[in-house]
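Accompanying notes for the structure given below.
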Amino acid sequence: MSRDRTKPQSGYSQLLQGNRLAIARLKNSDIHHKHCYQIARAVKGMYAGDAVEYLEKVVKEEVAIPYTRRSRKGKGGNTMAGHRKGKMGPGRYPRKASIAFIKLIESAMDNARQHHEDIDAEDMVITHLAAHRGQVKRGFRPRARGRASPHNHYQVNLEIFLEDMASEEEEEDDY
């Protein structure tokens, strides 16, 4: 049974499997969901230390995050972003979201150091990184003649799983 996508998600979206796993969550943060989705897509599969360095370059506007969602294939880019230098195509520099992701990755690395003493946290791989819609702060903007327009504030929930792949390689070598 799939979850209702219109409602915020409680708990992790993936099953926690594996003993060399570190996790972290950020709930109800005031960041744009679209920026978080694009960052999660770009960073997933990287080593944790490399991902932090990459996002620090994004904050300094040295490297852009590629924006690939919502593109019209074959008809140019309708990706809400213009093209950037190099061969990446459309992209942006989401500063606030990048700072939140850096804190999230560092939190997961600290959790890994606490739970597993023999792990080098910078060499853990980001196996799962998700951005889900959080709570909606409802608000209204007053209008003329006693009317009001909705002025809602959307929040985002982020979750990350770091996994130590070096231990699996050592187990395979033992056999």
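Points worth noting:
- Selection from the range 9-32 of residues that are surrounded by 17 or more Cβ atoms within 10 Å (Cβ to Cβ) and either outside any loop (DSSP other than H, G, I, E, B) or modelled with pLDDT under 90 (or both): Arg20, Leu21, Ala22, Ile23, Ala24, Leu26, Ser29
- Strands (runs of 3 or more DSSP E) (entirely within the range 109-159) containing at least 2 residues that are more than 15 Å from Asp30 (Cα to Cα) and at pLDDT below 90: none
- The residue list Ser107, Ser98 contains one member that is surrounded by 13 or more Cβ atoms within 10 Å (Cβ to Cβ) and either under 13 Å from the mean Cα position of the chain (by Cα) or within 20 Å of Pro66 (Cβ to Cβ) (or both), which is Ser98.
- When residues of the range 81-95 are limited to those that are in a loop (DSSP other than H, G, I, E, B) and modelled with pLDDT under 90, the one surrounded by the fewest Cβ atoms within 10 Å (Cβ to Cβ): Lys87
- Restricting attention to the range 122-151 and to residues that are exposed (fewer than 10 other Cβ atoms within 10 Å of the Cβ) and touching a residue at least 12 places away in the same chain (Cβ under 8 Å), the residue that is farthest from Tyr37 (Cα to Cα) turns out to be Pro150.
- Selected residue (criterion: farthest from Lys34 (Cα to Cα)) from residues of the range 61-80 that are small (Gly, Ala, Ser), modelled with pLDDT under 70 and surrounded by 13 or more Cβ atoms within 10 Å (Cβ to Cβ): Gly77
The values are calculated or read from the model by the stated rules, or taken from the named source; none is laboratory data. Model, not experiment: these values are computed from the prediction. For neighbour counting, all protein chains shown are included, and Cβ atoms are generated from backbone atoms with ideal geometry for every residue, glycine included.
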